[in-house]
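Everything below concerns the one structure shown next.
Every number here is computed from the coordinates shown, using simple stated rules; none is lab data. Being a predicted model, the structure only gives us computed values, none of them experimental. Virtual Cβ from ideal backbone geometry, glycine too; neighbours counted across all protein chains shown.
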C-alpha cells in the first residue's frame with residue numbers, strides 16, 4: 001500500500017497530555033519525538049539502554065523483543081512496561097510516561113504564600129527517659145511509658161510491633177510523638193517531627209515536607225497526577241471506577257504510589273526518614289478526596305452529585321498504603337459539595353476569606369473551576385465545568401506547561417512574537433499561551449467577538465474548508481510542523497471562559513453586589529499563576545477591574561493544607577467555613593443557559 005494512503009495510528013502520551021499520529025511501522029519513540037515529548041534514549045533508540053520506558057494503559061502493542069526481555073525483565077513487562085524505541089502500536093493506544101523517562105521534567109506548581117499561623121499541631125513531641133527494667137521492676141513497656149508520662153495512652157499494633165525492640169535499641173531514651181493519647185511513633189530523642197501537606201489536583205500533585213515545630217517547609221515537589229492515564233477529568237475517572245471491577249482500587253493505588261515516591265524524594269532532600277512524618281493533610285476536589293480515601297464515587301457522577309461525606313475525615317495512613325510513620329493519621333479537610341471540595345476549603349483558609357469584611361472574589365481555575373465570593377462575612381460558592389482547555393487538552397496543538405510550549409504571545413505591527421517554556425523551539429501551546437493568542441487576535445481584529453477568524457488577516461488561512469491561524473511556522477517549530485489556532489480551539493476557550501464568567505456573575509448577584517463593589521479578586525492555582533490578567537480581561541473571562549485589585553497567589557490549596565497541618569484552630573475554622581459557605585448549583589440557576597450563551601461572546 002502507498003505510504004501516503006496508510007492509515008495513521010493515534011498515540012496518547014500521558015500524563016504529558018500530548019497526542020501523535022504515526023505510521024504503523026513507526027515506534028513509540030518516534031511518536032513521542034514527533035509530539036515534542038523528549039524521552040531519554042541514551043543509546044539513540046537501539047534498545048540497549050533501557051531508559052525510554054513507557055507503560056501501556058490501553059490498546060495493543062507489537063510483541064516483546066529480546067532487547068526488552070533483557071533490559072526490563074519479566075516482572076516489569078508483566079506490569080505493562082515497554083521500551084518506546086522497540087515497540088509499535090497495533091491500533092490507537094494510550095501510554096503512561098514515567099517522570100524518569102523524560103529528559104526535562106514538566107513544570108508543576110508548588111509555589112504559594114508563606115505560612116503565617118500560630119503553630120499548634122495535633123501531634124506533639126515528648127522526650128522521655130524510662131526506668132530500666134530489672135527483676136524488681138516487671139512493668140510492661142507500655143505501662144512504663146504511661147507511668148512516666150502520668151497518663152494512659154493508646155498504642156496501636158503497628159507501633160506496638162516495634163516498640164520493645166526500639167526502646168532497648170535506644171537504651172530507654174526516646175522522643176514520643178503523641179496525638180492526644182495516641183502514640184504515633186517512637187523516635188530517637190530530639191528527632192524532628194515532620195508533617196506532610198499535599199494538594200491533589202486533577203492534573204497535578206504538589207507536596208510539602210514541613211517541620212511541625214517551627215512551620216518551615218523543608219522540601220517541596222510537584223508531579224503529574226498519574227490518574228490522568230485513566231481519564232483527563234473527574235467525570236472520566238468516575239466512569240473508569242464504575243466500569244472496571246478494580247477501577248477504584250487502581251486509581252487509589254496509582255495515586256498513593258506517586259505520593260510515596262514524592263515522599264521518598266523529599267525525605268532524601270531534607271535528610272529525613274519516612275517515620276518522622278507523623279501527620280499528613282491531603283486536600284483535593286471531592287472526587288480526588290474520595291478516590292484517595294477509597295470511597296465510592298459513582299454517586300458523584302449522577303444528579304444530585306452528593307459526596308459520601310462532607311465533614312473532615314481522618315484515616316490511618318497505613319490503611320491507604322501511605323508510607324510514613326506506622327500510626328500516622330491522614331486528615332482530609334471537609335468538602336462543601338460534589339464539585340466544591342476540600343482543596344477549595346484549603347484555598348479559603350490560605351487566602352483569609354473566612355475572616356474578611358471586604359467583598360472578595362476567589363477562584364482556582366482548572367478542569368473544574370471553583371469560585372467563592374465573600375461579602376461582609378457571608379460566603380457563597382459554585383463550581384464551573386470549565387473543562388481541560390486551559391491545560392492544553394482539546395486544543396489542536398495544545399499541551400501542558402512543558403518545555404517547548406508557547407506560554408506568551410504578542411502581535412506587534414503584524415509580527416507574531418512568542419515565548420516558550422525553556423526557550424525551546426515551539427512544539428505546542430499551553431493554557432496561558434492560548435489565552436494570550438486569542439487576546440492578541442482580538443486586539444488585531446484577526447478574531448471577531450463571536451469567535452470567528454477573519455479571512456483577510458495575513459496569518460489566517462483556509463484549509464479543508466476551515467479557517468486557522470498560523471501561530472508558528474513549520475521551519476521555526478521543534479517538530480517541523482506549524483503550530484495552529486483553529487476555530488474549534490477558539491470554541492473550546494469560549495466554553496471555558498463563559499463557564500467561569502457566568503459563575504462569577506451569579507455569585508455576585510447572589511451576594512447582592514456588582515463588580516464595582518469588589519475590593520479584591522484572587523486567582524489561585526497553577527494556571528492562575530501564569531495567565532496574563534490583561535488577556536483574561538480582554539477575552540471577557542474576568543471583569544475589567546483596576547489591576548491592583550487582582551492577586552495571583554500560586555498554589556493556595558497547598559498553602560492551606562500546610563495551615564491545617566500546623567494548626568488545630570485552622571481545622572476548626574475549616575469545618576465552620578465548609579458548613580457556612582452556601583453552594584449554588586449553576587445548572588439549576590434561573591436563566592443560566594441564556595447567561596452562558598451571552599458570555600460566549602468576546603466582549
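So how far apart, in nm, are the two label points at residue 593 and residue 306 if each is 7 Å from Cα heading toward Cβ?
If labels sit at residue 593 and residue 306, their model points lie 2.7 nm apart.
Using only Cα atoms, tell me the angle between helix 234-243 and the longest principal axis of the chain; keep it within 0 to 90° and round to the nearest 10.
70 degrees
Can you order the peptides 484-492, 391-399 by their average number of other Cβ atoms within 10 Å per residue, highest first?
Descending mean neighbour count gives 391-399, 484-492.
Output the peptides 24-33, 434-443 sorted from most to least packed, where packing is the average of other Cβ atoms within 10 Å over each peptide's residues.
In decreasing order of mean packing, 24-33, 434-443 become 434-443, 24-33.
Tell me the label only: which of (1) 229; (2) 180; (3) 172 is volume of the Cα convex hull per residue in Å³ as calculated from this structure?
Of the listed options (1) 229; (2) 180; (3) 172, (3) comes from this structure.
Which value at 222 nm does the chain reach when only helices count, each DSSP H run of 4 or more adding -39,500 (n - 2.57), with the total divided by all residues and rounded to the nearest 500 deg cm²/dmol?
That calculation yields -9000 deg cm²/dmol at 222 nm.
With angles folded into 0 to 90 degrees, how steeply does helix 568-580 sit against the dominant principal axis of the chain? Use alpha carbons for both and round to 10.
50 degrees
Taking R0 as 30 Å, what's the FRET efficiency between residue 475 and residue 76 from their Cβ-Cβ distance, rounded to 0.05?
With a Förster radius of 30 Å, E is 0.15.
Taking the DSSP beta bridges in the chain as the whole, what percent of them are antiparallel, to the nearest 5?
Percentage antiparallel, nearest 5: 70.
Once both axes come from the Cα atoms, what is the angle between helix 431-443 and the longest principal axis of the chain, in degrees from 0 to 90, rounded to 10?
30 degrees
Over what distance in Å are the Cα centres of region 320-363 and region 137-216 separated?
Between the Cα centre of region 320-363 and that of region 137-216, the gap is 25 Å.
Would you please state which residues of region 469-494 a label at residue 92 would reach in this model, taking the label point 7 Å out along Cα→Cβ and a backbone N cut-off of under 11 Å?
Output list for this probe position: empty.
To the nearest 0.05, how large is the calculated FRET efficiency for residue 356 and residue 269 if R₀ is 35 Å and r is the Cβ-Cβ distance?
After rounding, the FRET efficiency stands at 0.45.
Return the distance in nm (one decimal) between the two label points of a simple spin-label model at residue 10 and residue 513, each offset 7 Å from Cα along Cα→Cβ.
4.4 nm
Report for region 195-332 the percent antiparallel among DSSP-assigned beta bridges with both residues inside it, nearest 5.
65 percent
Based on the Cα atoms of region 3-101, what semi-axes does the equivalent ellipsoid have, where each is the square root of 5 times one gyration tensor eigenvalue, given in whole Å with the largest first?
That gives 20, 14, 13 Å for the three semi-axes.
When DSSP assigns beta bridges and you keep just the ones with both residues in region 3-101, what percent turn out antiparallel, to the nearest 5?
75 percent
Assuming R0 = 22 Å, can you tell me the calculated FRET efficiency for the pair residue 316 and residue 165, based on Cβ-Cβ distance, to the nearest 0.05?
That pair, residue 316 with residue 165, gives E of 0.50.
What is the distance in Å between the Cα centroid of region 479-511 and that of region 561-603?
Answer, in whole Å: 19.
Per residue and in Å³, how big is the convex hull formed by the alpha-carbon atoms of region 160-270?
Considering the Cα atoms of region 160-270, their hull volume per residue is 146 Å³.
According to a simple spin-label model (label point 7 Å from Cα along Cα-to-Cβ), what is the distance in nm between residue 147 and residue 118?
3.8 nm
Neighbour counts of other C-beta atoms within 10 Å: give me 347, 224 arranged from fewest to most.
Arranged by neighbour count, lowest to highest, 347, 224 become 224, 347.
At a 10 angstrom cut-off on C-beta neighbours, averaged per residue, how do the peptides 295-303, 570-578 rank from highest to lowest?
With the highest mean Cβ count within 10 Å placed first, the list reads 570-578, 295-303.
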